[in-house]
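Reviewing the structure listed below.
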Amino acid sequence: MLIDLEADELAEREIAGIALGVVYGQKYGDAEANAAKTHCWRGHPYTPENTILSKTRFRAGEARSCRTCAAARKREWRRRNPELARAQRHLTYLGEKARRKGGGS
Ligand SMILES: [Zn+2]
C-alpha cells in the first residue's frame, strides 16, 4: 500500500515536471519557433490587438504574450486578492492624480 502511494507520487511528480517543461518551452523557448506561432497555448490568435510585446530578461528581443490570457490572469488574481486589488487601484488613482497635478499635456 505504501509502495503504491510512493509510486503514484513519483508518477505525479514526473507528470508535473513534463507539464512545467512545456510551460517553460512556450515561454522561453526557441525565439524563431515562438515567432512562428500564430496562437497562444490556449488558442487565442496573436493578432496585433491581442498581442503584448515585452522585452525579456532571458534573451535578446521581444516576447509576445496573449492579451486575452493576461486579462484573464489579472481577473483571476483580483478575484483571489480583493484587498490587494483595491489597494492597487487606489495607488493607480493616486499616481494618475499626481501626474495630472504635475502638468504635462
Ligand atoms: Zn491566450
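Odds and ends about this structure:
- Annotation: amide H of residue 40 within the under-5 Å range of 46, sequence separation 5 or more or interchain, hydrogens built in the peptide plane.
- 3J(HN,Hα) couplings calculated from phi for the stretch 93-98 with the Karplus curve 6.51 cos²θ - 1.76 cosθ + 1.60 (θ = phi - 60°) are, in sequence order, 4, 4, x, 5, 4, 5 Hz; Gly and Pro show x.
- Peptides 66-75, 88-97 ranked from most to least packed give 66-75, 88-97, packing being the mean of other C-beta atoms within 10 angstrom over each peptide's residues.
Each value in this text was obtained by applying a stated rule to the coordinates, not by laboratory testing. These numbers come from a predicted model, not from an experiment. Ideal geometry is used to build each Cβ from the backbone, glycine not excepted, and the neighbour counts take in all protein chains shown.
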